[in-house]
Every structure is written in structure tokens, then in C-alpha cells.
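Contents: one structure, followed by commentary.
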């Protein structure tokens, strides 16, 4: 105590530090819509995926760690942390570590704009949608760098495939959202959720939803678009030469992107936090997000992989066209005078 | 606080720009360029131009840097080793003179044109809606012409690719 009186500056610093740590924004970033939420959901998703795939394909899935093997992700986490990092002799290990970390940061960043309730949004940005778009557009370059830095043909091919795929599907993906932006007149994700009070956007924007969902699968490199990590051809794609902790971070980044993308679909098309008030708003968002995730995992358990040329043709010719048709449909909706339904 | 952020961002922008020029390997130079461009986006953000900042990231880092990376990777592959083939530039002194001239010109312009008693410019934020409205209304014609030009460029590019493919029958190899 006496020391604190000698240094009044220290007392102030401690006070301001406590103020920052207990402030709402900090707690939001670290605990609820932020970091802890993302990490727990990612762990849960990896378990959920294995369980659902196991059900779909009549296998059993993780069983022994905890009830129904729920603790399996934690066991995996510990295992991967202590694993040795092995990389090819000429690989650029520093670059690989840097890129794996960068990937995780890019994957988690969009969560700050996604509203988990009227009062649960970390950064209520007017340009939230463009922020998500900008951050997502950085993904392919990092994947390509990982593929190149591994100095392995499998990794490099995987990285190139990621690049083609993600660049090709980014365009229909964001064009398909244009309809929503036209109806609501805003890019703020919380406003977009509020605009769905009467009718969720899945109904008027059913084409946009189909395009966005398909493109999201491709962006996530999930089956049927998992060419960048086609096990039978490319071992693990761009992840081949990542091992130990670097592999864990890269793996988590992909699941984080999975979670964030599911939350984004929920926000844009499935009414975000809206729902009967029996369940609190944030829980609605999480529930719907996991529902979307379950659908995506089931698709993985059911469908085979597509060929590269079919993938690119679908992206550039079919989805792009459908997204443009969706815009025309939206214009017709507004022209018919139905736009007021989604005006805030 | 904003001053500290400004200083930190500026330091990152300048340092990574220097790194982009000085890095021995092109890939590292490209990464430096990317970091520098993200830093510039941060500066835009500080000035209240969030929209511009986001598009700076999406277009310059998300598209241009990818293009550069892609080109480098397709053009030179020396299995991860640093390729050190360039001779040290013999025109270095010319560069220094040109840089000095440009610096002098800029400094002169700033000194000559700066108002005697500098007044801080009025800080204003462009609303996104206003921006969209003026783009669609006042600058509508320019926007359409730009779109047509870019569309023509894309069609031209595709035609070039197509011609290339038709000239080489599928049986022959190069």
C-alpha cells in the first residue's frame, strides 16, 4: 500500500488497467462473441463433424474421451501441441508459422462485426459487410504462400487450387448479397438482421441464399469443393507440410472460418438473433449457426468431390448468372412496391 | 491516443515499404508490399474513410498482391532457395539524383504553396449513402463508361486466350 502511495502514477495505471479489463468491449472481445466463443465452438465443431460423419457413414466416431467423446478436441489439442514440428529441408519454416498465425487471425476477424443480439456486437460498423468481404479476400494469398513456403509439390498444387477456387467463388458470393443490400439499404450487419423482423431473407432471396451457400462451401474448401485438400490426390493439400503446432493453428483457422461463415449465413439469411423470446438472443444465433454447420457437415458426409473444370465452370457460368438473376428478381420486388417489408 | 496509432501505423508502412524494395527474395518483397498496403488502409481508417480503407484491403491486398504472388510463383521456381542473379545496379547514382530532384521539387512545392498560417482542415466524414448517391446520380455516366471499358478489357483478354488456344491443335506439343 505504502509503495502505491509513493508512486501515485502506478495506482492510476493499475486502475485504468482494471477498467480496461472489466470494460464491456474487452469482455465482448475476449469472452462472448469474441475469442472464447470462437475457440469453444471450433472445438465443438471438430467433434460434431466427426460424430455426424460417423452417423452418416455408419462408423462410430470418437467415444472414449468424456461422454460421447466430447473431450476429444481437447485431447487432440494437447497431442498436437506436443508433437514435433517436421518440415522439408528447404521449406521456409518462419514463413509457414507466420502464415498459419495470419490465417487464424484472418479467420477470426470477421466475428467482430457479426451481431449475436441487439446488445452483443463487438464493432457495430456501418460497413460491416465490406469488412468481412475485405478480410475474406486476403485468404487465398496466405494459402498460396503456405503452399509455396512448404517447398512441396502437393502443398503448392493445393495452394494453387485454393487460389483458383476462392477467387472464382468470391465474385458470385458477394454478388448474391447485393440483393439484401438493395432491399435494406445498409451494409451494417445488425441493421440487416433488424430488417428481417417480418420475413427472413431466405424467402425473398432464395436464389441469393442458394448461391451464397454454395459459394460458402467452396470458400471453406468443404466437400463437394474440397479439391485443395483432396486426400487421394494431394495428401492434405496446402496443409501437407504443416505439422505439430503449426498444423493445429492452420486446422483451427479453417474451422474458425467454418464457424464464422455459418454465423454469417445465419445473420444474412436466417434472421440472426430473431426468434421467439423464450430463448435469449445470443443463443438463437448460436443455435442457428450450428444448424447451418450441421447441414454443411451432412453435405460432406453425403456427396463426392467435383472435378476441377466442373468446379470452375459452375462458379463462373452458373453461380455468377444465378447471382445476377437474383439481382434482377430483387429489382422486380422493389419495383412491385414490396421493398417496405424489409425497410427498418 | 490517435497520434500514437498514427505514428505506429506510419512506422509500419514506411518500414514494410523499405523492406518491400530491399528484400532479396521477391516473395518477401511482395509480403512487405501487402503489409504496407494494409497499413495505408489503417491510415485511411484514422482519417474516417472506412469505406476507402476496406476497398484498399480488398482490391490492393486481396487482388493485386495475389496477382503479383501468382506471377512470381509461375515465373521463377528455384525450389525455395534464394535466387541471387541480379547484378548490383550500376545506375544507382542516377537513381539517387532523380530521388533528390523529386524530393527537392516536393519540398519546394510544399514550402511555396503552403498557406502562411496553416488552418487545420475541417474534419468531415463522407457518408456511404451520399457517396453511393453521387456515384449513381452525378457521376452516373462516368461510372457506366468505366464499366464498359473494363468489360471490353475482360472480353479482349478472353478473346486473346481463346485465339492462343485455337492456334495450337491439341495433338502438338511445344
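Data table
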quantity: Complete set of residues in the range B:52-77 that are more than 14 Å from residue A:140 (Cβ to Cβ) and surrounded by 20 or more Cβ atoms within 10 Å (Cβ to Cβ); calculated: B:53, B:54, B:56
quantity: Hits in the range B:39-50 - residues which are surrounded by fewer than 21 Cβ atoms within 10 Å (Cβ to Cβ) and within 10 Å of another protein chain (Cβ to nearest Cβ); calculated: B:50
quantity: Hits in the range A:177-203 - residues which are crowded, with 22+ Cβ neighbours inside 10 Å and more than 18 Å from residue A:263 (Cα to Cα); calculated: A:179, A:183
quantity: Flag if residue A:217 is surrounded by 19 or more Cβ atoms within 10 Å (Cβ to Cβ), more than 18 Å from the chain's Cα centre (by Cα) and closer than 25 Å to residue A:106 by Cα; calculated: no
quantity: Residue match in the range B:20-34 (condition: under 23 Å from residue A:129 (Cα atoms), in contact with a helix residue (DSSP H, G or I) (Cβ under 6 Å, 6 or more places away or on another chain) and not assigned by TED's automatic domain parsing to the domain that holds residue B:131); calculated: yes
quantity: Top-ranked residue in the range A:114-154 [being assigned to a helix (DSSP H, G or I) and away from chain B (no Cβ under 11 Å); ranked as farthest from residue A:271 (Cα to Cα)]; calculated: A:154
quantity: Sole residue being within 14 Å of another protein chain (Cβ to nearest Cβ) and either at positive phi or buried (at least 19 other Cβ atoms within 10 Å of the Cβ) (or both), chosen from A:73, A:110, A:62; calculated: A:110
quantity: Residue match in the range B:7-17 (condition: more than 30 Å from residue A:92 (Cα to Cα) and more than 12 Å from every other protein chain (Cβ to nearest Cβ)); calculated: yes
quantity: Checklist (1) over 18 Å from the mean Cα position of the chain (by Cα); (2) more than 10 Å from every other protein chain (Cβ to nearest Cβ); (3) in a helix (DSSP H, G or I) applied to residue A:165, failing item; calculated: (1)
quantity: Flag for residue A:174 being buried (at least 23 other Cβ atoms within 10 Å of the Cβ) and part of a helix (DSSP H, G or I); calculated: no
quantity: Hey, residue A:87 within 12 Å of another protein chain (Cβ to nearest Cβ) and either part of a loop (DSSP other than H, G, I, E, B) or crowded, with 23+ Cβ neighbours inside 10 Å (or both) or not; calculated: yes
quantity: Filter result (within 13 Å of chain A (Cβ to nearest Cβ) and assigned to a helix (DSSP H, G or I)) within the range B:18-28; calculated: B:26, B:27, B:28
quantity: Residue in the range A:254-276 that is exposed (fewer than 14 other Cβ atoms within 10 Å of the Cβ) and at pLDDT below 85 present; calculated: yes
quantity: Failed condition for residue A:216, given (1) within 14 Å of chain B (Cβ to nearest Cβ); (2) at pLDDT 85 or above; calculated: (1)
quantity: Within the range A:21-70, tally of residues that are within 19 Å of residue A:251 (Cβ to Cβ) and assigned to a loop (DSSP other than H, G, I, E, B); calculated: 4
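The values are calculated or read from the model by the stated rules, or taken from the named source; none is laboratory data. Worth saying up front: this structure is predicted, and the values here are computed from it rather than measured. Backbone-built Cβ (ideal geometry, glycine too); neighbour counts: all protein chains shown.
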